[in-house]
Every structure is written in C-alpha cells, then in structure tokens.
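Written below as structure tokens is the structure these notes are about.
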Amino acid sequence: MPDPIPKRTGYEGPLQRIDDCTWRIPKESRPGMRVDGLIFADDRLIDLVKSDRAAEQVANVAFLPGIQQASLAMPDIHWGYGFCIGGVCATDPAAGGVVSPGGVGYDINCGVRLVRTNLTLDDAAPHVTRLVDQLLQDVPVGVGQGGRYVYSPDELRGMMRQGVPWLAARGLATSDDVACAEAEGCIPDPMPELVSDRALARGADQCGTVGAGNHFIEVQVVDRIADERAAAAFGLHAGQICVLIHSGSRGLGYQVCDDALRALRDAPAKYGIPLPDRQLACAPLDSPEGRHYLGAMRAAANYAFCNRQLLMWQVREVFARVFDCPWESLGMTLLYDVAHNIAKMETHDVDGISKEVCVHRKGATRAFPAGHHDIPARYRDTGQPVIIPGDMGRASWVLVGGPRSLERSFGTTCHGAGRCLSRTAATKAAQGRSIAHELERAGVIARSRSRDGLAEEQPAAYKDVDVVVDVVHRAGLSSKVARLRPLGVIKG
Amino acid sequence: MHAIFEHTADLGIRVEAPSLEQAFADAGRGLFTVIAGDLGQIRTTTVESFEVAGTDPTWLLFDWVSELHAAFELRRMLFADFAVAIGATGLRATARGERYDPGRHRLAHEIKAITQHELDLHETAVGWEATLIVDI
C-alpha cells in the first residue's frame, strides 16, 4: 500500500514583515521572480500560512510575464494548484502580460450572492428545519445531481452570450436581479462559440444546481451591524433573515478550464515562458491562445451568474411554499452577487500610470471603494458590497470595498475563511462524532447529500472568518458592515 | 495499489504498481474511490471500452484518468475494475462498472477536474509510481 499521507511540508522561504498585516517575499529570494510576493496576514494567521506550501505558490506566480506591482495573497490563503487560493495578480498586455487559467481555477466565476428578506429571526425560527428540508428536497445539491432546467447547446450559447438578462427575458430574473450582480450578470465580450461540446454537455442540466465540495445554500440571520450607514444602504438590519448562495459554473466551467489547460500545454515553450509549475500554464494576453481562453472563460462566467440566479429563483420558491405567500411579499431581493474566481480586464493606477490590466482573482473578491463607476448606482456612494462566506458553524460577513483596495490590491479583498484542515484530516477529526448533531446543538440545522460532506466541511476545517475579516479591515482592503450567523444549511 | 492523500482543499491519488498497465488501472480505481468513497458499492455489470492516444506516459495517464472522469460526468458511469493495454501510440482499456443509481449509491465527492499540479509518473526499482491531484 502506498504511503497514504506524505509528510506535509510547509514554507521555509523568506517572509519579511512590512507592517502588522502585510508580509513580503522579496523578489531577490528566487531567480526568476519579477516582483515581490505580498501576503496579507497578521500574527494570528501567519503560522497557518507557513504550514503549507501556499507561500511558495505566491512566489511562483511572481514569475509570470507582465505581472504588475506584486504577486498578492489574501489572509484566507491556502495551498492550491498553480496559484494559491486567495491569490491575486495583475498582468499588463502592453508588457507581454499573460493570462493563466490557473489564476482563475476550474470553477470559473465561483462566487456568492446574498438574498435579503423582510423576515426576522422570530418569524423564521419556527420554520428553519422545514425550510432546510424543503431546500434539500427542491434544490438540486450534491454529486451527480442534475437540475430541472435543461438547456440545448444553442440555448446555452445564448445564455453565455447574454448572462442573467437572458434569464430575465424568460421570466426567471427581475430587472433588479440583473442590476445587483457584478457586471450586471454579464461579463462583456464572451465567446460562447469557443466553449467545447463536452463543456456544453456537462453544463446542459447543471444550471440551477449547487454542486458539492464547499458549495452551499445557507439561511442566516444578521447578528451584528458594524457600520450602520453602509448597512442601511445595503438594506441590512440586525435580526434580519438572509440567504447566502455559494456556487459557480459547474461542469461547464470546469471543462472550459480543463480544455484551456490542454490547449496551453505547449504555449509556455512556444512563447519562451519559463514556469516553476506546469499548472501555471499561460499565454500572452495578446495571443490567439490568450484571447481564446479569455473568450471562453467569460462565457463560462456568464453561465455561473445564471446558475446562481436560478438557485436564487428556486430558493424564493421554497420560501414562498414554506411561508405560504409570494416571495415578493417576503422581500426576497438580491443584495449583490460577486465573483471570486475570475480574470477581468480593469483599469488601475500602476506606479502613477493608468493601465488596463488583467486582474486574476483566484479565491479573492473584487472590492471597489465608493465612487467607482463599476459599482451599481444604488451602492456607488457607499462602496461595493463584498460577501464573505465563513463556515457553517460560526459566521459570514458583508463588507464594503475599502479605501485602500485600489492602491494595495487592485481593488481586491478576501473571499472566505480559507481552509486550515485538509479534507482527510477533517474527516479523521470527525470520526465517532456527528457533525450534524453538534451543529444542531449550536443552533444550526445542516443537511448534506454526500457521505462525508459535513465532516469535510465542518467549522474546524476553516480558519476563523472573524480573524480573516479583521485583517482585510485593518489593511484597508474592505470594511466590516454586518456579521451574519448561520441558522440552516444545505451542502453538496 | 492506490491510496488517497491529503491536499488542503482537494485530494490526491498515489499509485504504486509492478507494471505501467497496472499503475493505470490502479489510478482508475483511485479516481472512483474518490468519487464513490467505497468501490464495493459498484457492481461490475457493464463494460465500456476506451482508447486514448498519446506517447508521453505521464500525459497519457492524465488523459486516461480524465476520460474516466468524463464518463462519470457525461454518462454517470461508475467503474471499479480496469484492464489496460499500452502500446506505442496510446492505450486501449476496458472498464467494468455500472450507471450511478441515486437510490443505491451514496457518493463521496464531486471532482471538478484532474489537475496537472504535481502530476507525476515515474519508474522505480520495483515498478511504477504515479501521483495525481484532483480538484474537489
């Protein structure tokens, strides 16, 4: 039998403290690094950062041609493949900058959306178990679960070309739903004609399905307001019931990434790009391979927006059934939908020069400050809402884009709590325990369709989201608005 | 033989086998162990044939396991038994298993993709060793 658990190696390279929540990997520490690595973490988190090889991946990303300022990592950083989770890098096409599918990940436009209700904790508390059971019954979740929305290749291409407005035209989204999604639910310049038949086949019955892994639908209550003004602008108040939806582009997006990595196998050699990890495969932004990936990736991103929209639509129907009234009467409006696995062309000030750069966010969330033109008009004076799922036992957060995010992180903040236990370690830690019963005793009704889903995703498998959020708040990347506590969750 | 090893958010499959063909077969068993949790719940009542082209053994392994993954994603096939023959231009294989039955199978993981991260296949003094990491 092969050794099942190889000795886990941590990061032993240089990490220099810059301030109380920023650490630097100097570019001089490894030949080939074009910029420094910068990791946002405080003393509570930095030992966790060193415990796996994520920091090495931050340094690896600094090898990419055309990278600007620094290879960045958010405090929810952990070991990924190619890029770390929590990684951010911006590349300049005018400087030979590349696009790397590994900088987006397989789950293109994995993201979250938060749905408000006009229900209070008192209204919802007696119904939480029924709500969760009904969600589990009515919303497809888990491995191998297709959905009730099945689309032909032509319909999928139309969806990917138009994003959420395509659903609105079919009565499955409101104009308000469109207005409250990042990029209004449609990343411009998608090229759905470049999405492979295999990707279309994988996505045919998966739009409107949660999936598995760390994806979920969670009923929450706002338990603390940190910024009254921003909370009011976002329509949040203490004691309010909300629903958090976390999913992405499902099999369609995974296949688009897989196809791109195959197509790019030889691109680094063709373009003379030395890489320390083959999972960083990339091509110049201004190359046929780079343009092909960007076009297909944007199409998959639009599918992901539609997936979360259809999930929200089904959640609304479940609430309407359980509370026996139309969802509109329950005030079930979308606060915001935000991507946390994506590459986007954005204009940023780099060393005093305004440039259009390709910002890769892999497990990182856009967090534009007040006044930015890409924020929906209703939030522009406040700043972009940022939604941070934590774990199913403790909390999640709503933040607002911070004043220093543009100068420090290309307008980016963290995306979650970040794992601190592997799946195998979490399962081992749960042996002899019932995570569902433990959560229920703590006031959370949790249901999962997979064998070890709750064990692998138990709260102890994640860093404390309060600590992670505290770092991005102090670093000025985003500011605390409201803390939400879980009441019930369905997992894959 | 195969074993599942830990990776922070994902899972890895490590294989040790006396021959290249057996390493490929064991990698298939490793893949479906990740998906199904327990191969014992898969009945080997259906046979499917696979042909995968390639000359580089490491990429051939990657493409083979990716094809098996696609068989689950596209046709909901679960396999537990494999016979693999490798030639100069690729492989031919048969896989035995059955279609996923939600009433009888309780699956363990949804695999998004087979990653190229730390992908490895090499010959040892006693056979072949392979490492694959899958994205969960």
Mind checking whether some residue in region A:281-293 is outside any strand (DSSP E or B), buried (at least 19 other Cβ atoms within 10 Å of the Cβ), within 14 Å of chain B (Cβ to nearest Cβ) and under 18 Å from the mean Cα position of the chain (by Cα)? no
Report, ordered by the first and then the second residue, all pairs with beta carbons closer than 6 Å, sequence separation of six or more or different chains, a first member in region A:271-283 that is closer than 15 Å to A:G96 by Cα, and a second member that is polar (S, T, N, Q) and crowded, with 22+ Cβ neighbours inside 10 Å. A:C282/A:S100
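Quick one: which residue in A:L38, A:L64 is crowded, with 16+ Cβ neighbours inside 10 Å, assigned to a strand (DSSP E or B) and away from chain B (no Cβ under 14 Å)?
Numbers: A:L64 fails: assigned to a strand (DSSP E or B).
After applying the criteria, what remains is A:L38.
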Report the residue count in region B:77-105 for those that are more than 24 Å from B:D120 (Cα to Cα) and surrounded by fewer than 16 Cβ atoms within 10 Å (Cβ to Cβ). 5
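So which of A:G248, A:G213, A:G203 ends up being within 11 Å of another protein chain (Cβ to nearest Cβ), out of contact with any strand residue (DSSP E or B) (no Cβ under 9 Å at 6 or more places or on another chain) and within 21 Å of A:I342 (Cα to Cα)? Steps first, please.
Values: A:G248 fails: out of contact with any strand residue (DSSP E or B) (no Cβ under 9 Å at 6 or more places or on another chain); A:G213 fails: out of contact with any strand residue (DSSP E or B) (no Cβ under 9 Å at 6 or more places or on another chain).
Only one candidate passes the filter, namely A:G203.
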Go through the residues of region A:431-438 one by one and say whether even a single one is closer than 26 Å to A:L136 by Cα, among the acidic types (D, E) and within 21 Å of the chain's Cα centre (by Cα). no
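Using the structure shown, decide if A:P326 is more than 21 Å from A:V112 (Cα to Cα) and in contact with a helix residue (DSSP H, G or I) (Cβ under 7 Å, 6 or more places away or on another chain).
Numbers: more than 21 Å from A:V112 (Cα to Cα): yes; in contact with a helix residue (DSSP H, G or I) (Cβ under 7 Å, 6 or more places away or on another chain): yes.
So A:P326 fits the description; yes.
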Give me the pairs, please: first residue somewhere in region B:41-60 and more than 14 Å from A:R262 (Cβ to Cβ), second residue anywhere and in a loop (DSSP other than H, G, I, E, B) and of a type outside the set (G, A, S), beta-carbon distance under 8 Å, and either six or more positions apart or on two chains. B:Q41/B:R104; B:Q41/B:H105; B:Q41/B:R106; B:I42/B:H105; B:T55/B:T89
Could you give me the residue pairs with C-beta distances under 7 Å whose first residue belongs to region A:288-300 and is farther than 16 Å from A:G111 by Cβ, whose second residue is among the charged types (D, E, K, R) and surrounded by fewer than 21 Cβ atoms within 10 Å (Cβ to Cβ) wherever it lies, and which are 6+ apart or on separate chains? A:G295/A:D189
Checking A:G390, A:G383 in turn, the sole residue that is within 19 Å of the chain's Cα centre (by Cα), crowded, with 19+ Cβ neighbours inside 10 Å, touching a residue at least 40 places away in the same chain (Cβ under 8 Å) and more than 17 Å from A:D76 (Cβ to Cβ) turns out to be A:G383
Please specify each residue of region A:41-61 satisfying the condition of being crowded, with 23+ Cβ neighbours inside 10 Å, small (G, A, S) and either part of a loop (DSSP other than H, G, I, E, B) or more than 24 Å from the chain's Cα centre (by Cα) (or both). A:A41
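Which ones in region B:112-130 are farther than 18 Å from A:A260 by Cβ and surrounded by 19 or more Cβ atoms within 10 Å (Cβ to Cβ)?
First pass over region B:112-130, keeping only residues farther than 18 Å from A:A260 by Cβ: B:118, B:120-130.
Those that are farther than 18 Å from A:A260 by Cβ and surrounded by 19 or more Cβ atoms within 10 Å (Cβ to Cβ): B:L121, B:W128, B:A130.
Please enumerate the residues belonging to region A:405-450 that are surrounded by fewer than 18 Cβ atoms within 10 Å (Cβ to Cβ) and within 14 Å of another protein chain (Cβ to nearest Cβ).
Of region A:405-450, the ones surrounded by fewer than 18 Cβ atoms within 10 Å (Cβ to Cβ) are A:407, A:428-429, A:431-434, A:436-438, A:440-443.
Within region A:405-450, A:K428, A:A429 qualify.
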Considering only region B:1-75, give the strands (runs of 3 or more DSSP E) lying wholly within it that have at least 2 residues that are at the interface with chain A (Cβ under 9 Å from one of its Cβ atoms). B:2-6, B:11-17
Number of positions in region A:336-372 that are surrounded by 16 or more Cβ atoms within 10 Å (Cβ to Cβ) and not in a strand (DSSP E or B): 8
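Each value in this text was obtained by applying a stated rule to the coordinates, not by laboratory testing. Note that the structure is predicted; figures quoted are calculated from it, not measured. No Cβ is skipped: glycine too gets one built from the backbone with ideal geometry, and neighbour counts run over all protein chains shown.
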